[in-house]
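Here the structure comes first, spelled out in structure tokens, and everything after it is commentary.
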Amino acid sequence: MMAQNSAEVFIPLLRIEHPDLDAPQLLAYNSEAVVRTDGTYRPYNFKINLPRQSDEEVPEVTLTVDNTDLEVNDKIRTLVGEPSVTFMVVLASSPDVEEAGPFAMKLASAQATAETITGTLGQEQDVFSQMVPAQQFMPSNSPGLFL
């Protein structure tokens with residue numbers, strides 16, 4: 001992976017899932033389809049911006065998908081709730097082996113223009129808003145602590 005030159009081709013893949021979709025949207029950043037055991041990833045133009053590493057904020061990933069044929073836009077627009085997005089990188093010679101990932105995230109928000117759909121990916125928000133510890137220790141539920 002760190003070689004200066006390689007005959008291998010790295011292919012980023014996206015899998016978009018939601019209960020309201022008939023089938024997952026399988027996209028490959030490649031000029032031809034990528035056939036894997038979990039389905040055929042069709043060629044599609046997209047870009048992923050990875051987050052900065054910071055202790056101050058929750059990391060978010062930005063996803064930009066081509067919108068020229070409106071197919072992905074039409075499917076995402078009809079969904080209620082957050083679709084699951086899985087990102088991974090495979091080699092063209094071994095598409096069933098993930099070289100990086102899979103990274104599972106939720107599509108928190110999306111905006112569309114005539115050219116692109118841009119979305120913010122992140123972890124489930126309620127994970128970060130839960131109380132730790134989840135239980136509060138009070139005399140009413142833990143009398144042995146208050147003797």
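The values are calculated or read from the model by the stated rules, or taken from the named source; none is laboratory data. Fair warning: this is a prediction, and the values are worked out from it, not measured in the lab. Cβ coordinates were reconstructed from backbone atoms using ideal geometry, including for glycine residues, and neighbour counts include every protein chain displayed.
For region 10-34, give me the residue count where each residue is β-branched (Val, Ile, Thr) and at pLDDT below 85. Outline the logic, then answer.
Taking region 10-34 as the starting set, the residues that turn out to be β-branched (Val, Ile, Thr) are 11, 16, 34.
Narrowing further to those that are at pLDDT below 85: none.
The number of residues fulfilling the criteria is 0.
Which one is surrounded by the fewest Cβ atoms within 10 Å (Cβ to Cβ), of the residues in region 84-111 that are at pLDDT 80 or above and polar (S, T, N, Q)?
Once the filter is applied, the top-ranked residue is 93.
Are any residues in region 36-58 out of contact with any strand residue (DSSP E or B) (no Cβ under 7 Å at 6 or more places or on another chain) and either at pLDDT below 80 or of a type in the set (A, V, I, L, M, F, W, C) (or both), and if so, which ones?
Taking region 36-58 first, the residues out of contact with any strand residue (DSSP E or B) (no Cβ under 7 Å at 6 or more places or on another chain) are 38, 52-57.
Across region 36-58, the qualifying residues are 52, 53, 54, 55, 56, 57.
Residues being within 17 Å of residue 74 (Cα to Cα) and of a type in the set (Phe, Trp, Tyr): count how many of those fall in region 1-45.
1
Considering every residue within region 124-145, establish whether at least one is of a type outside the set (S, T, N, Q), surrounded by 12 or more Cβ atoms within 10 Å (Cβ to Cβ), modelled with pLDDT of 70 or more and under 19 Å from the mean Cα position of the chain (by Cα).
No, region 124-145 has no match at all.
Give region 9-23 a look and list any residue that's surrounded by 13 or more Cβ atoms within 10 Å (Cβ to Cβ) and in contact with a strand residue (DSSP E or B) (Cβ under 9 Å, 6 or more places away or on another chain), or say none. So that I can check it myself, show each step before the final result.
Kept after step one, since they are surrounded by 13 or more Cβ atoms within 10 Å (Cβ to Cβ), are these residues of region 9-23: 10-18, 21.
Residues satisfying the conditions are 10, 11, 12, 13, 14, 15, 16, 17, 18.
For residues in region 24-83 being closer than 13 Å to residue 11 by Cα and among the small types (Gly, Ala, Ser), which is surrounded by the fewest Cβ atoms within 10 Å (Cβ to Cβ)?
My answer is 31.
For region 1-41, give me the residue count where each residue is closer than 14 Å to residue 93 by Cα and assigned to a strand (DSSP E or B).
The number of residues fulfilling the criteria is 6.
Of these, 106, 47, which one is without any contact (Cβ under 8 Å) to a residue 40 or more places away in the chain and over 30 Å from residue 7 (Cα atoms)? I'd like the intermediate steps shown before the answer.
Details: 47 fails: over 30 Å from residue 7 (Cα atoms).
When all the criteria are applied, what remains is 106.
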